[in-house]
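Engineer: This is the structure I have questions about; it appears just below.
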Amino acid sequence: MTKHGKKYNAKAETVDRDTYYAPRDALALVKQNAQANFDETVEVHLRTALDPRQADQQIRGVVNLPAGTGKQVRILVFAEGDAERIAREAGADYVGSDELIAKIQNENWVDFDVAIAVPQVMSKVGRLGRILGTRGLMPNPKAGTIVQPDDLPRVIRETRQGRVEYRLDRTGNVHVPIGKASFSVDQLMENLSALMDAITRAKPASLRGTYIRRITVTSTMGPGVRVDVGQAMGPRS
């Protein structure tokens, strides 16, 4: 069992472990307990009824958070020729092909948050699977990170503004950041609502019965706060 310090335990005492809070109340409590000397990230953790071993029960996609993420995102684009020019003009932090691939392979360099690629270079980028895949950085069409050159400006812009990926992990959970503790409750509610709408639409047709078993919101250093699933999946409050 994990041991926590006095500060964490004091914050944990403000949370009733037997209560499933209304979404707005849960987020307000998370903000109240985010007392670190940096701007903590607010995260949503979903416990699903999905079986990650079943191919027809996978969920993965992207959602644009209306209030943004509060994070400075470093974007890498694998592209050549005209696509490289488009990516540079759109403001990507790192753009290229062979030289970036070599740097990642030889130096294990991964100082970026999102990797985007055009289809024309994926045969080369595929060699980076063992490095990028384990870090969740491998471009993937389901994550909206393999795009045609003309679509690069939109994807780069949305990524800067608050585009985040959600995906089912090997334990049947989904973990997504929805902003910073410095955000207002209204901003966090906007982002939570956008995420839950996307998760609801992503429900596999093969699943019968319960979809989301538990929702917990937390900050980087704070205790988890359980959210009423019905309220989070339905009308926002």
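None of the figures in this text is laboratory data; all of them are computed from the coordinates on show. Fair warning: this is a prediction, and the values are worked out from it, not measured in the lab. Cβ: placed from backbone, ideal geometry, glycine included. Neighbour counts: every protein chain shown.
Engineer: Any idea what the relative contact order of the chain is, in percent, if you count C-alpha pairs under 8 Å spaced at least 6 apart?
Structural biologist: So the answer I get is 40 percent.
Engineer: Taking only Cα atoms and a 10 Å spring cutoff, compute GNM fluctuations for the chain and point out the largest among GLY209, GLY96, GLY133.
Structural biologist: GLY209
Engineer: After finding the eigenvalues of the alpha carbon gyration tensor for segment 75-160, what semi-axes result from the square roots of 5 times each, listed largest first in whole Å?
Structural biologist: Equivalent ellipsoid semi-axes, largest first: 18, 13, 12 Å.
Engineer: Also, quick follow-up: Using a cut-off of 12 Å between beta-carbons, work out the net charge of the residues near TYR21 (Lys and Arg +1, Asp and Glu -1, TYR21 not included).
Structural biologist: Here the count lands on -1.
Engineer: Given the convex hull over the Cα atoms of segment 23-119, what projected area results after averaging over all orientations, in nm²?
Structural biologist: 10.5 nm²
Engineer: Evaluate E = 1/(1 + (r/R0)^6) for THR220 and ASP197, where r is the Cβ-Cβ distance and R0 equals 25 Å; express this FRET efficiency to the nearest 0.05.
Structural biologist: E(calc), rounded to 0.05, equals 0.50.
Engineer: Rank ILE199, ILE146, THR159 by how far each Cα sits towards the positive end of the charge dipole of the chain (+1 on Lys, Arg Cβ; -1 on Asp, Glu Cβ) and give me just the farthest.
Structural biologist: Of ILE199, ILE146, THR159, it is ILE199.
Engineer: For segment 60-106, just run the numbers: alpha carbon Rg, then divide by 2.2 N^0.38 Å, N being how many residues it has.
Structural biologist: 1.41
Engineer: If you build a Gaussian network model of the chain, linking Cα atoms that sit under 10 Å apart, which residue out of SER219, SER182, SER206 swings the most?
Structural biologist: Of the options given, SER206 has the highest mean-square fluctuation.
Engineer: Hey, can you grab everything whose amide H is under 5 Å from the amide H of ILE116? Only 5+ residues off in sequence or another chain; H modelled, so Pro and N-termini drop out.
Structural biologist: Long-range HN contacts for ILE116: LEU76, VAL77, PHE78.
Engineer: Find the centroid of the Cα atoms in segment 44-67 and in segment 74-111, then give the distance between the two in whole Å.
Structural biologist: 28 Å
Engineer: Dimensions of segment 125-185 along principal axes (Cα, Å, largest first)?
Structural biologist: Ordered largest first, segment 125-185 gives principal extents of 42, 35, 17 Å.
Engineer: Say the cut-off is 19 Å between C-alpha atoms; which of LYS31/LYS203; LYS71/LYS124; LYS142/LYS180; LYS31/LYS71; LYS7/LYS31; LYS31/LYS180 go over it?
Structural biologist: As for pairs spanning more than 19 Å Cα to Cα, those are LYS31/LYS203; LYS71/LYS124; LYS142/LYS180.
Engineer: Pop the C-beta distance of ASP98 and GLN54 into the FRET formula with R0 = 35 Å and round what comes out to the nearest 0.05.
Structural biologist: After rounding to 0.05, the efficiency reads 0.35.
Engineer: Right, here's the next one. Return the distance in nm (one decimal) between the two label points of a simple spin-label model at ALA36 and ARG127, each offset 7 Å from Cα along Cα→Cβ.
Structural biologist: Those two pseudo-labels are separated by 3.7 nm.
Engineer: Something else: Would you please state which residues of segment 29-51 a label at LEU207 would reach in this model, taking the label point 7 Å out along Cα→Cβ and a backbone N cut-off of under 18 Å?
Structural biologist: Label zone hits: 44-51.
Engineer: Report the net charge of residues surrounding VAL73, where surrounding means a beta-carbon distance below 9 angstrom and charges are Lys +1, Arg +1, Asp -1, Glu -1.
Structural biologist: Combined, the nearby Lys, Arg, Asp and Glu give +2.
Engineer: About its Cα centre, what dipole magnitude does the chain give when the only charges are +1 on Lys and Arg Cβ and -1 on Asp and Glu Cβ, stated in debye to the nearest 20?
Structural biologist: So the dipole magnitude of the chain works out to roughly 800 debye.
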